[in-house]
Amino acid sequence: MELQQTTTGEFTLYIPSMDETYHSRNGAISEAKHVFIKEGMNRTQGNIRILEIGFGTGLNAMVTAQHAADTNRKVFYHTLEPFQVPYDLIQKIGYGAILEDESLFAEIHNAAWESAFKINEYFTLHKTTQKLEYVQLQDDAYDLIFFDAFAPKKQPELWNESIFKKLYKATRSNGVLTTYSAAGQLKRDLKSAGYTLEHPPGANGKREMTVALKQW
Ligand SMILES: C[S@@+](CC[C@H](N)C(=O)[O-])C[C@H]1O[C@@H](n2cnc3c(N)ncnc32)[C@H](O)[C@@H]1O
């Protein structure tokens, strides 16, 4: 795992053996804010429960915690991460400084794993090392799902109909799943699982992304 600079100047992580980055090569922070806040959190209202697939660098958690405080909403954030990023890389990546709240970023990373931890009035964080394939999720438990796994071609075992059926059951009525990908097989699998789809433009000039709605 190594640091790689995006075209907007901040860093993301790169895994040479997979030839895969943690974020868009054209901007990590802009992608997080577009895919998960604009097309995710802003499609929901009030106090919500979020499930994230892939905590990674904690960037999505960070922008969500900031948005929750800015909009006076309470978020319970449950995030899965079986392969923790070493803390020296987290410090080097510097999202806390760029997003002007280093203590919030540190608190998100220093929070204990496997239990819910109240970071502040607006943000409660539950990090777990469980894998998506094996984690047991309660029915109708989440208003919003951040599907931020590595790309379908790189991790096909996480992008299939049976995974999306499991996530559909865990989504509350009128809940939303948002992801950066708009791959054809993803669209078919999400529809088979029961979701209704929308495809707004993606981050950083990408033609489209996917928002899946549980309209029931
Ligand atoms: C694209 S990165 C996520 C980026 C992250 N959301 C962020 O804000 O930095 C994908 C993440 O999924 C994690 N992952 C890999 N296999 C997984 C699995 N089976 N279940 C859940 N997460 C997994 C990876 O370790 C990686 O951190």
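May I ask you to verify whether Lys38 is modelled with pLDDT of 95 or more, of a type outside the set (A, V, I, L, M, F, W, C) and touching a Ser or Thr at 6+ places or on another chain (Cβ under 8 Å)? Don't jump to the end; show me each part of the working.
Numbers: modelled with pLDDT of 95 or more: yes; of a type outside the set (A, V, I, L, M, F, W, C): yes; touching a Ser or Thr at 6+ places or on another chain (Cβ under 8 Å): no.
No.
Do the conditions hold for Asn42, that is, is it within 11 Å of the ligand (Cβ to nearest atom) and either in a helix (DSSP H, G or I) or over 26 Å from Lys214 (Cα atoms) (or both)? Before you say what the answer is, go through the steps one by one.
Values: within 11 Å of the ligand (Cβ to nearest atom): no; either in a helix (DSSP H, G or I) or over 26 Å from Lys214 (Cα atoms) (or both): yes.
Against the criterion (within 11 Å of the ligand (Cβ to nearest atom) and either in a helix (DSSP H, G or I) or over 26 Å from Lys214 (Cα atoms) (or both)), Asn42 does not qualify.
Looking only at region 74-97, count every residue that is over 22 Å from Ile15 (Cβ atoms) and buried (at least 17 other Cβ atoms within 10 Å of the Cβ) and tell me the total.
Going through region 74-97 one residue at a time, the tally reaches 5.
Please work out which one of (1) surrounded by fewer than 22 Cβ atoms within 10 Å (Cβ to Cβ); (2) assigned to a helix (DSSP H, G or I) is the condition His34 fails and give its number.
(1)
Six or more apart or on different chains, Cβ atoms under 8 Å: show the pairs whose first residue is in region 20-35 and free of Cβ contacts under 8 Å to residues at least 24 places away in the same chain and whose second is in a loop (DSSP other than H, G, I, E, B) and away from the ligand (no atom under 12 Å from the Cβ).
Taking only residues 6 or more apart or on different chains, the pairs are Arg25/Thr6; Arg25/Thr7.
Residues that are touching a helix residue (DSSP H, G or I) at 6+ places or on another chain (Cβ under 9 Å) and of a type in the set (Lys, Arg): does region 71-93 have at least one?
Yes, some residue in region 71-93 is touching a helix residue (DSSP H, G or I) at 6+ places or on another chain (Cβ under 9 Å) and of a type in the set (Lys, Arg).
In region 60-86, how many are among the acidic types (Asp, Glu) and within 16 Å of the ligand (Cβ to nearest atom)?
1
The values are calculated or read from the model by the stated rules, or taken from the named source; none is laboratory data. All of these numbers come straight from a predicted model, not from anything done at the bench. We place every Cβ from the backbone using ideal geometry, glycine too, and count neighbours over all the protein chains shown.
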